[in-house]
There are 2 protein chains.
Amino acid sequence: MERPYLLFLGDVGDQLAAKTAHGIADWRPQWCVGQLRLPGCKADTGLADLTLEEAAARGAKTLIVAVANSGGSMPEHWTDTIVRALDLGMDVASGLHVRLGRLPAVAAAAAKGGRKLFDVRYTDQTFNTGKGFKRAGMRCLTVGTDCSVGKKYTALAITKEMEKRGLKVDFRATGQTGIFISERGVAIDAVVSDFISGAAEWLTPENDPDHWDIVEGQGSLFHAAFAGVTLGLLHGAQPDALVLCHEPTRKHMRGLPHAPIPDLKDCFQPYQSMATLTNPECRFVGVSIDTHLLSPSAAERLLKSVEDRFGLPCVDPLATGTGPIVDALEKLCAS
Amino acid sequence: MERPYLLFLGDVGDQLAAKTAHGIADWRPQWCVGQLRLPGCKADTGLADLTLEEAAARGAKTLIVAVANSGGSMPEHWTDTIVRALDLGMDVASGLHVRLGRLPAVAAAAAKGGRKLFDVRYTDQTFNTGKGFKRAGMRCLTVGTDCSVGKKYTALAITKEMEKRGLKVDFRATGQTGIFISERGVAIDAVVSDFISGAAEWLTPENDPDHWDIVEGQGSLFHAAFAGVTLGLLHGAQPDALVLCHEPTRKHMRGLPHAPIPDLKDCFQPYQSMATLTNPECRFVGVSIDTHLLSPSAAERLLKSVEDRFGLPCVDPLATGTGPIVDALEKLCAS
């Protein structure tokens, strides 16, 4: 995919629905010229608001449909924007379930101008069913109390800290945003369900005994829509270490107003117990809390209290860094 | 799909790999003219062995590729048989992951003769992501210690017994064999993984309070390859009742020689605990054991000992019938 990118946020109804845009803007700002928002858009990455024409003038090469709505569909009224971007000479990339080329107007505009369409949620890779054999190398998976609670940010921040320490490490993207950021990976939730764990095994192959795969988690074992994806990924990744991710202001499970958020204390056992099927040694090494909606003092108190309550390092990956979790991973690898 | 069928078993290496053929032959023998086996085939449905020409002469209208190998691929050397069947005027149906129309020789032969190709594992139906709302109606899901342990047979036998008693009941097929038998359903393991539980919700919609959906289970929560599918189906089906299915002579998890079969006692809690996410009232109502590889006296002793051990009715759905389990379901519905 050619850079720089223009991030298209459509008119999504909240910040979380634009989490692909936030992820790219937060982790790869140097790849972006700005954002494009339609009237009514409730999300904002903080990048410059540009029209398609302004972005083209600043050299934008690819328009990224940078939203992550539940179900991965695309509103019809976004098509015009995509077609105009193609007409202005940009390629278009999307991480939605709907394929760009299946939209007749988009396919026609791309063909007319010789532009490329990228559907990063899909891969031409074929997978085997999972085998469950223990593979050499170390693996850490981020898991969540809910969807969209910082599993990807935590994994990226752990990877960055490990790279800084000169450790052998790879970030393993399992969703569209992670793939845009790391330019590789597999969108596990777009894989045919028979192959979930097989795809996760392919993504985290045998490696040096002191090499870490830091695997971006998906969904939540406690989310009625996505727990199957979460479990297949957990079994395929066969993690040695788990990090529990949480967003403390969430009122209910994402998209399910009737479903309460589980208490942190009730999350450790189900994840660990399910993980033992493919790795009996699997254990939690830390908790990662997204505190950006709390005051600094409330955030500090919360991290401290969770740490005391569960006897595990508790961090906010952006505010405090992931040092104590990486310490625990280093210790685990040496043991 | 036009009947009668000729069941194609290829040269699969064991009886279980032909479980689609066994399912159709056992539950819908009146729809079949016979079976077609290649040299070396280790499976046998007991139906008459016919050549393609003999089957055509007996009026076979559809060749069913009636195997269920792990991963759903098709050996290349089966293509000739499929092409010849098309040339002889038969349609062809398959429940594999690979689509018949993607095999160039098959697509060409079908086009030439104006024959139809059916890929029952795929559906044009689009699904929403799961919502987890409680729906009216009663639901029973069969779950397993492993794959291929009688979940479908148990569900079909329960359905048959309920129909005999004049109860409101539907068998809900979730795999290719069940779809061939009941002529509807969704192959859950072929659904894109984001939509597993949403597809299960679609398959078991709101219904009368005294109506039962008897849902065919898939995979096993204890199988490293397929537990994600199992969990998504469990959450989407939101069962009121579970029946644990088991095959007592199995030495290891299907296809995973290194993975032991879990003890029955260790299976109830994980299933029930995971099920509570979408149905807190979910409970086990029975155990179903496939005893056909045991002597009659050993079978009787086993059923009795499991019944005593767990305080649940324990049946072999074919040998003893499912009466005691249906009694338990009737009681649950009345309570």
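Can you tell which of B:G166, B:G175, B:G150, B:G144 is in the same structural domain as B:G232 (by TED's automatic domain parsing) and farther than 25 Å from B:M253 by Cβ?
B:G166 is the lone residue from the list that is in the same structural domain as B:G232 (by TED's automatic domain parsing) and farther than 25 Å from B:M253 by Cβ.
Can you tell me which of (1) of a type in the set (D, E, K, R); (2) surrounded by 23 or more Cβ atoms within 10 Å (Cβ to Cβ); (3) modelled with pLDDT of 95 or more is the one A:E161 doesn't meet?
Answer for A:E161: the failing condition is (2).
Do you know which residues across the range A:222-252 are in contact (Cβ under 8 Å) with a residue 40 or more places away in the chain, facing chain B (nearest Cβ under 8 Å) and of a type in the set (A, V, I, L, M, F, W, C)?
Those that are in contact (Cβ under 8 Å) with a residue 40 or more places away in the chain, facing chain B (nearest Cβ under 8 Å) and of a type in the set (A, V, I, L, M, F, W, C): A:F222, A:A225, A:F226, A:V229, A:L231, A:L233.
Would you please list the contacts, defined by Cβ atoms under 8 Å and residues six or more apart or on different chains, that run from a residue in the range A:160-172 that is under 22 Å from A:V186 (Cα atoms) to a residue that is of a type in the set (D, E, K, R) and crowded, with 16+ Cβ neighbours inside 10 Å?
From the range A:160-172, the pairs are A:V169/A:D213; A:D170/A:D213; A:F171/A:E216; A:R172/A:D213; A:R172/A:E216.
Looking only at the range B:107-146, count every residue that is assigned to a loop (DSSP other than H, G, I, E, B) and farther than 19 Å from B:I214 by Cβ and tell me the total.
Residues that pass the stated criteria total 19.
What residue, among those in the range A:272-305 that are without any contact (Cβ under 8 Å) to a residue 40 or more places away in the chain and under 30 Å from B:M253 (Cα atoms), is farthest from the chain's Cα centre (by Cα)?
The qualifying residue farthest from the chain's Cα centre (by Cα) is A:P280.
All but one of (1) assigned to a helix (DSSP H, G or I); (2) over 25 Å from B:A328 (Cα atoms); (3) over 12 Å from the mean Cα position of the chain (by Cα) hold for B:E201; which doesn't?
Single failed check for B:E201: (2).
Could you grab me the full set of residues in the range A:173-198 that are among the aliphatic types (A, V, I, L, M) and touching a residue at least 24 places away in the same chain (Cβ under 8 Å)?
A:A173, A:I179, A:I181, A:V186, A:A187, A:I188, A:A190, A:V191, A:I196
Please find, among B:D316, B:D266, B:D308, the residue that is in contact with a strand residue (DSSP E or B) (Cβ under 6 Å, 6 or more places away or on another chain) and free of Cβ contacts under 8 Å to residues at least 40 places away in the same chain.
B:D316
Checking the conditions here, which among B:F127, B:F118, B:F133 is over 20 Å from the mean Cα position of the chain (by Cα) and touching a residue at least 40 places away in the same chain (Cβ under 8 Å)?
Only one candidate passes the filter, namely B:F127.
Quick one: would you say B:H258 is surrounded by fewer than 24 Cβ atoms within 10 Å (Cβ to Cβ), more than 15 Å from B:G150 (Cα to Cα) and within 14 Å of another protein chain (Cβ to nearest Cβ)?
Yes; evaluated as a whole, the condition is true for this residue.
Out of contact with any Phe, Trp or Tyr (no Cβ under 7 Å at 6 or more places or on another chain) and buried (at least 24 other Cβ atoms within 10 Å of the Cβ): is that true of B:G217 in this structure?
Here the answer is yes, as B:G217 does meet what is asked.
Given the conditions (1) more than 22 Å from B:I261 (Cβ to Cβ); (2) touching a Leu at 6+ places or on another chain (Cβ under 6 Å); (3) not acidic (D, E), which single one is not true for B:I181?
Unmet condition: (2).
Taking the condition in contact with a strand residue (DSSP E or B) (Cβ under 8 Å, 6 or more places away or on another chain), within 14 Å of chain A (Cβ to nearest Cβ), within 17 Å of B:T177 (Cα to Cα) and aliphatic (A, V, I, L, M), does B:M1 pass?
It is false that B:M1 is in contact with a strand residue (DSSP E or B) (Cβ under 8 Å, 6 or more places away or on another chain), within 14 Å of chain A (Cβ to nearest Cβ), within 17 Å of B:T177 (Cα to Cα) and aliphatic (A, V, I, L, M).
All but one of (1) hydrophobic (A, V, I, L, M, F, W, C); (2) away from chain A (no Cβ under 14 Å); (3) part of a loop (DSSP other than H, G, I, E, B) hold for B:A328, so report the exception by its number.
(3)
Select from the range B:175-189 the residues that are among the aliphatic types (A, V, I, L, M) and within 14 Å of chain A (Cβ to nearest Cβ) and write down the one among them that is surrounded by the most Cβ atoms within 10 Å (Cβ to Cβ).
So the residue we want is B:I188.
Just give me the residues in the range A:267-320 being within 14 Å of chain B (Cβ to nearest Cβ), among the hydroxyl-bearing types (S, T, Y) and either buried (at least 21 other Cβ atoms within 10 Å of the Cβ) or outside any helix (DSSP H, G or I) (or both), in sequence order.
Once the filter is applied, which keeps residues that are within 14 Å of chain B (Cβ to nearest Cβ), among the hydroxyl-bearing types (S, T, Y) and either buried (at least 21 other Cβ atoms within 10 Å of the Cβ) or outside any helix (DSSP H, G or I) (or both), the range A:267-320 yields A:Y271, A:T276, A:T278.
Please specify each residue of the range B:92-134 satisfying the condition of being among the polar types (S, T, N, Q), crowded, with 21+ Cβ neighbours inside 10 Å and within 14 Å of another protein chain (Cβ to nearest Cβ).
B:T129
Anything in the range B:154-188 that is under 11 Å from B:V215 (Cα atoms) and in a helix (DSSP H, G or I)? List them, or say none.
Hits for the range B:154-188 are B:T154, B:A155, B:L156, B:I158, B:T159, B:G178.
From the list A:L16, A:L38, exactly one residue is surrounded by fewer than 22 Cβ atoms within 10 Å (Cβ to Cβ), within 27 Å of A:C147 (Cβ to Cβ) and at pLDDT below 95. Which is it?
Checking each option against the conditions leaves just A:L16.
The values are calculated or read from the model by the stated rules, or taken from the named source; none is laboratory data. What you are looking at is a predicted structure, and each value in this text was computed from that prediction instead of being measured. Backbone-built Cβ (ideal geometry, glycine too); neighbour counts: all protein chains shown.
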